[in-house]
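Asks: Dropping the structure in here first, questions after.
The values are calculated or read from the model by the stated rules, or taken from the named source; none is laboratory data. If you're wondering where the values come from, they're calculated on a predicted model, not measured in any experiment. Glycine also receives a Cβ, built like all others from the backbone with ideal geometry; neighbour counts cover every protein chain displayed. The protein model used for the area step is the full one, side chains on, heavy atoms only, and it has no ligands, DNA or RNA in it. Shrake-Rupley method; radii C 1.70, N 1.55, O 1.52, S 1.80 Å.
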Amino acid sequence: MVSIIDDKPFTIDRSRLNQIPTPSPTLSWAPLPHHELMNRVEKRIQNYGYRIQHSNCLLSHGGDRFFGSVTLGSRRSLGYRRMIGVRNSHDKSVAAGLVAGARVIVCSNGMFTGDEICLNRKHTSRLFEDLDQKIDEGFQKVFSEWQRNDLRIMRYRETEISDKRAHDLI
């Protein structure tokens, strides 16, 4: 069990995230353990064939608020990385959320941005009934867009243009 006394944001090793206590649910509110959200996200990322290169985990407000990012390894050398941003709370301050993009920002001050929102799910008593489905729906949308983007970038790289045409484009 991790004991948290300070309210200042601090990083935590991904392997220790499961030691953060989760409050008991009520009739209308079901807290989602931080490690469980990350486990579900990472499992789905791998199911889609992506490799996780790096994960960052940050806690604040005594462990009640979680902010994370997952950097994905590229399947091809396309010159950019993909990221998934994750947030969650045990104090009812924010919904469980996922964003995705070439760059995401997940900050303890509340800033949560990326190219696409994959999930924004309140912690209602029915949270666990459709959580996996909502994550899958968000990832299907994002990952199919990433595939289209990969193809477009590969076509750009394969297309030769003259100096005059390059000048005109710029």
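Asks: Go through 155, 82 for me and flag whichever is at pLDDT below 95, basic (Lys, Arg) and closer than 17 Å to residue 49 by Cα. Let's see the steps before the verdict.
Replies: Details: 155 fails: closer than 17 Å to residue 49 by Cα.
Of 155, 82, the one residue that is at pLDDT below 95, basic (Lys, Arg) and closer than 17 Å to residue 49 by Cα is 82.
Asks: Residue check, residue 32 against (1) open to solvent by 50 Å² or more (accessible area, probe 1.4 Å); (2) assigned to a loop (DSSP other than H, G, I, E, B); (3) of a type outside the set (Ser, Thr, Tyr); (4) in contact (Cβ under 8 Å) with a residue 40 or more places away in the chain, all met but one. Which one?
Replies: (1)
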